[in-house]
1. Take the solvent-accessible surface of the protein heavy atoms, probe 1.4 Å, and return the percent of it on segment 380-444 that carbon and sulfur atoms account for.
2. So which GluC sites (Glu not before Pro) in segment 275-362 end up in coil per DSSP with only 14 or fewer other C-beta atoms within 10 Å?
3. For S373 and R204 in one chain, what is 0.36 nm times their gap in residues minus the Cα-Cα distance, to one decimal in nm?
4. With every protein chain in place, what's the accessible area of E145 (1.4 Å probe, Å², nearest 10)?
5. Which of the three applies to segment 259-340, rounded, prolate or oblate, going by the alpha-carbon gyration tensor with a ≥ b ≥ c and a/c under 1.5 meaning rounded?
6. Out of the DSSP beta bridges found with both residues in segment 120-278, what percent are antiparallel (nearest 5)?
7. Please list R348, R412 from largest to smallest accessible area, probe radius 1.4 Å, with all protein chains kept in place.
8. Mind giving me the FRET efficiency for S256 and D121? R0 is 51 Å, r the Cβ-Cβ distance, nearest 0.05 is fine.
Amino acid sequence: MDKESPRSVSFRTHRRGERSNLTLHTKDVEAGLPQGRVSQDYPMKIVWKKGFIRLVLVGGILWMLLILLASLLHVWSCQSSISFFSAMCNKDSKVFSMLGSMGFVPKQQSQHRCPIPLADDPDKIVIPKGRTRDEIVKNLTYVMEDEILPDGTQSSPLFGGHQNWSQRKESFRLTSNMKVHCGFIRNGGAEMAPADIKYAKKCRFVVASGIFDGYDVPHQPSNLSPRSKKLFCFLMAVDETSLKFIKENVTVTEDSDGGKWVGIWRLVLLKHPPYDEPRRNGKVPKILTHRLFPKAQYSIWIDGKMELIVDPLLILERYLWRGKHTFAISQHKHHRNIYEEADSNKRRKRYARPLIDLHMKIYRYEGLEPWNSTKKTVSDVPEGAIIIREHTAMSNLFSCLWFNEVNLFTPRDQLSFGYVVYRLGAFRFFMFPNCEYNSLFVLHPHIREHSSRIEWVTNWNQLKGNGTISNKGKDWDQANANNGNLIESRGGLGLWTPYPANLDSVVLPHVDRTSKAG
């Protein structure tokens, strides 16, 4: 009996193993595996599955690392001072915005704002008595009638007049008494209604703006003190198209005198637009604020798409009175060199490329050097969406001459500002940092974009009607559009009047594109 017991245990163990192997064998057969290869293929299948999973995990990790590296390169390119890499930057991309929200992008780069050293309380600001004394130009008057032709008849009135090259040259020679072209030639357009003229006569302090071609609605200023609300007139120049558009989209009220209001803004209709091109029409209230509102002593211009968020009395104290300035404007965010700004305008299709080149060739011939650190000015290129002025004779003269360049050449006023500073020589102004400029307002997007076919012209054949051009923006009808001619009929005529010198040998300075904007 004792000898048989081990055998019984061994036998039962063997039988249990057989049953176990049989069960495994049965499952493999049911799974469709060949009976003879079960012991070899099953371990290989496990190894293959584990290897595939590892491969997928490693591939996913490498892909994520590649995306992370590309994103970090994108951020670094936007911070790089190397022109090749900075040109790769696209701060408007969804990737850049997402990385900014995750904290990978420095906040100061996304907003480009800085604190403004403003006074503490508008009620404590002391407003200077009287006007700043005129040291050089003491009496400034304006050409009001268009020229008399040799046969004794008068030419068709143009808003900017028929200024010739010798008159332009003479206008830059500073004397005590000066008479210059300054828009508003009689019957040239941009007439105001009598009710608006009467209202503007009582305005000594003005915040001015303008909307043309119906691409914006007025944005109400914020952070206004009660003192500024009483002191300032808020005047918004508009054309017929914009007035209709504003009435259809926001509430417009009318007072007993016929004045039209949107909140604090009084809408000032300029009847009979003086130019074919809406952008050029917008330069009238922007640059010639002192002509549109002649009784104003101080003005702050802001573009129509901007919401002013700083009390205007604090702005005058900071940018004019504190430093005893009469004209203040911000420097451009990207450019200091006019020729670089011109190159940017061409690349971004802001006006006909051959006309921009001709404009710059005239300036180059007349001695305008590219901006460099030895110049007396901080920059030759302003950010013109905010202009702060006391309307002195010298400040008004500068505005007139600046406008005359816009009237004669391209409507891109940033291309003319530094040239007029160069020609006047004695004009002193305050060009403040761009980061302060970005802290003065909230920028709202245009409700719709507007453009003219002239902006998309790339060569002379298109201008002369020998080439086709796709209409990339709002259709622009003009007097000679039926002939396929894209030349403006009332502005930019200096580009089509023979220049009194040979410009063929003029070579424009080389431009290094240091930013995406130029």
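1. Solvent-exposed carbon and sulfur of segment 380-444 make up 54 percent of the total.
2. Taking segment 275-362 and a limit of 14 other Cβ atoms within 10 Å, no loop GluC sites (Glu not before Pro) are found.
3. Here the segment from S373 to R204 would lengthen by 57.0 nm.
4. That residue has around 90 Å² of solvent-accessible surface.
5. Oblate, because a/c is 1.5 or more while a/b does not exceed b/c.
6. Numbers: 8 of 23 bridges.
Just about 35 percent of them are antiparallel.
7. On the way: R348 125, R412 30 Å².
Largest accessible area first, the list is R348, R412.
8. Details: r = 35 Å, r/R0 = 0.69.
According to the calculation, E is roughly 0.90.
The values are calculated or read from the model by the stated rules, or taken from the named source; none is laboratory data. This structure is a prediction, so every number in the text was calculated from the model and none was measured. No Cβ is skipped: glycine too gets one built from the backbone with ideal geometry, and neighbour counts run over all protein chains shown. The area values use the complete protein model at the heavy-atom level, side chains included, leaving out ligands, DNA and RNA. Shrake-Rupley method; radii C 1.70, N 1.55, O 1.52, S 1.80 Å.
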